[in-house]
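The values are calculated or read from the model by the stated rules, or taken from the named source; none is laboratory data. Remember, predicted model here, so these are calculated numbers, not experimental data. Cβ placement follows ideal geometry from the backbone for every residue including glycine, while neighbour counts extend to all protein chains displayed. We work out accessible area using only protein heavy atoms, side chains counted, and drop any ligands, DNA or RNA first. Shrake-Rupley method; radii C 1.70, N 1.55, O 1.52, S 1.80 Å.
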Amino acid sequence: MVNPEFDNAAVTEVHFELQGTLLPRDHGYPLFLELSRLLPWLPDETLAAVHHIHGAETGKDDLLILNRRAKLVIRIPIHREADLAILSGQTLMIGGFKLTIGKGKTKPLARHSPLYAHCVTTGSMDEEGFASDIIRILDELKITCRFICGRRQTITTADGVAYGYSLLLHELPVEQSILVQQRGMGGNRKIGCGIFIPHKSTNALV
């Protein structure tokens, strides 16, 4: 059961339109640095998270191709929502590529199960250690569910290289879905890790 004092509406998301052509696949840390330049409170906001920007693989040079549907998505405590308005119209430089931020639209977190995270980092380098970490985290949150680990990933952080895995939580009680989305799992949530979104099925992860 979720703590009755838990606030389901404490965190929301703002989805910003993006204009750009290319972006490094491993863009989480430089994106965080650029956003922190415009939002100096971001590094210290515990529940804030910045999603990985989705694009198509180019097949070379570890670059992503962005299309018109590309979005900058920031998960934020509700009291910070108005502070994100400053981002509209701003230009970011990520790995030598320019991104222009357009209009933002607020979307509440969804009560949904299963949930999927593009990458979760726990400090463990191998899958066995990672799985043990996830079991421990679920126990700490008092959540009973099953999970599937996806492929191992390498990301750049402020402290150097970190390793993580994509992760699907299934048979997750819907009433606990918001808790997982708000708290996340593992570290590096401001550079795209440990952020869970609704997922349609338990099919193969990427």
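Of all residues being among the small types (Gly, Ala, Ser) and open to solvent by 10 Å² or more (accessible area, probe 1.4 Å) in segment 153-177, which is farthest from Asn188 (Cα to Cα)? Just the residue, please. Don't jump to the end; show me each part of the working.
Going through segment 153-177, the residues among the small types (Gly, Ala, Ser) turn out to be 158, 160, 162, 164, 166, 177.
Applying the additional criterion that residues be open to solvent by 10 Å² or more (accessible area, probe 1.4 Å) yields 158, 160, 162.
Numbers: Ala158: 10, Gly160: 12, Ala162: 9 Å.
My answer is Gly160.
Being among the aliphatic types (A, V, I, L, M) and either open to solvent by 60 Å² or more (accessible area, probe 1.4 Å) or not in a strand (DSSP E or B) (or both) is true for just one of Ala117, Ala85. Which residue is that?
Just one listed residue meets the conditions, Ala85.
Test of understanding: among Leu31, Leu35, Leu109, which residue is farther than 30 Å from His170 by Cβ and buried (at least 20 other Cβ atoms within 10 Å of the Cβ)?
Details: Leu31 fails: farther than 30 Å from His170 by Cβ; Leu109 fails: farther than 30 Å from His170 by Cβ.
Just a single option satisfies the conditions, and that option is Leu35.
Output the qualifying pairs, or none if there are none: Cβ atoms under 6 angstrom, residues six or more apart or on different chains, first residue in segment 11-32 and under 8 Å from Ile191 (Cα atoms), second residue small (Gly, Ala, Ser).
What qualifies is Gly28/Gly192.
Quick check on my filter: what residues within segment 65-81 are of a type outside the set (Val, Ile, Thr), part of a helix (DSSP H, G or I) and surrounded by fewer than 18 Cβ atoms within 10 Å (Cβ to Cβ)?
Of segment 65-81, the ones of a type outside the set (Val, Ile, Thr) are 66-72, 75, 77, 79-81.
Next, from what is left, pick out any that are part of a helix (DSSP H, G or I): 79-81.
His79, Glu81, listed by residue number.
Collect the residues in segment 87-129 that are among the hydrophobic types (A, V, I, L, M, F, W, C) and over 25 Å from Phe196 (Cβ atoms), keeping them in residue-number order.
First, pick out the residues of segment 87-129 that are among the hydrophobic types (A, V, I, L, M, F, W, C): 87, 92-94, 97, 99, 101, 109-110, 115, 117, 119-120, 125.
Hits for segment 87-129 are Met93, Phe97.
If you take the residues in segment 124-152 that are open to solvent by less than 20 Å² (accessible area, probe 1.4 Å) and not in a helix (DSSP H, G or I), which one is nearest to Arg25 (Cα to Cα)?
Applying the filter and picking the extreme gives Gly150.
Closer than 19 Å to Cys193 by Cα, open to solvent by less than 90 Å² (accessible area, probe 1.4 Å) and part of a strand (DSSP E or B), is that true of Leu47?
Answer is no for this residue.
All but one of (1) under 21 Å from His51 (Cα atoms); (2) among the basic types (Lys, Arg); (3) outside any strand (DSSP E or B) hold for Lys107; state the number of the condition that does not hold.
Of the numbered conditions (1) under 21 Å from His51 (Cα atoms); (2) among the basic types (Lys, Arg); (3) outside any strand (DSSP E or B), the odd one out for Lys107 is (3).
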